[in-house]
């Protein structure tokens, strides 16, 4: 096995077997997610072609930690920008020009601002990539139309309270147009 195949195997996401219900209406999907949560399911996934406003609350997903990463790294960037401008202008390359002070805060505010934004933005993107487990190569596809106009709930077999017959019946009762055993 050559190095490229090893990298691809490492990046390929391992699929889980389970049951997927497919809906044509996003409101029915949110209702189904709420009911699935009430029935004791905890590891299910919602798949949608666009963000759904109520899906996080319906699935019981807690607030993300990414805003804290952004805030802390923004403060770090601000501190770095402040330290770097002080060090560069008054310690490393100290020049007296026109009687101005060695380090003048107003002159370096843009550098501090840009360092704040740079550190915050890059750390937010990095945290998101890490949290989502990206990159994923060749992920399993439940239905190709989930990227355009269909919505799905996927319940893996290792979920607490998994009972295939009950889940299939629950999805059908909630208006799923299709329920199938699949991998995701």
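Here, each number is a calculation from the coordinates, and none is a lab measurement. Everything quoted here is computed from the prediction, not taken from an experiment. Positions of Cβ are backbone-derived with ideal geometry, glycine not excepted, and every protein chain shown enters the neighbour counts.
Angle check, please: helix 66-86 long axis (alpha carbons) against the longest principal axis of the chain (alpha carbons), in degrees 0 to 90, nearest 10.
For helix 66-86, the angle is close to 10 degrees.
Go ahead and set up a Gaussian network model of the chain, Cα springs under 10 Å, then flag whichever of 74, 40, 99 fluctuates most.
Evaluated over the chain, the most mobile residue of the options is 99.
Taking only Cα atoms and a 10 Å spring cutoff, compute GNM fluctuations for the chain and point out the largest among 27, 149, 53.
53
Let me know the Kirkwood hydrodynamic radius for region 66-132, please, with Cα pairs as the basis and the value in Å to one decimal.
Every distinct Cα pair counted, the radius reaches 13.0 Å.
Considering the values (i) 16.8; (ii) 20.3; (iii) 19.4, which represents Kirkwood radius over Cα pairs in Å as calculated for the structure under consideration?
(ii)
Please check: in the Gaussian network model of the chain (C-alpha springs, under 10 Å), which one of 33, 57, 46 has the largest mean-square fluctuation.
57
Hey, what angle do you get for helix 164-173 against the long axis of the chain, alpha-carbon based, 0 to 90 degrees rounded to 10?
It is inclined by approximately 90 degrees.
Arrange 132, 115 by Cβ neighbour counts within 10 Å, fewest through most, would you?
132, 115
Hey, what angle do you get for helix 105-132 against the long axis of the chain, alpha-carbon based, 0 to 90 degrees rounded to 10?
20
For region 60-104 and region 163-184, what is the separation of their C-alpha centers, rounded to whole Å?
53
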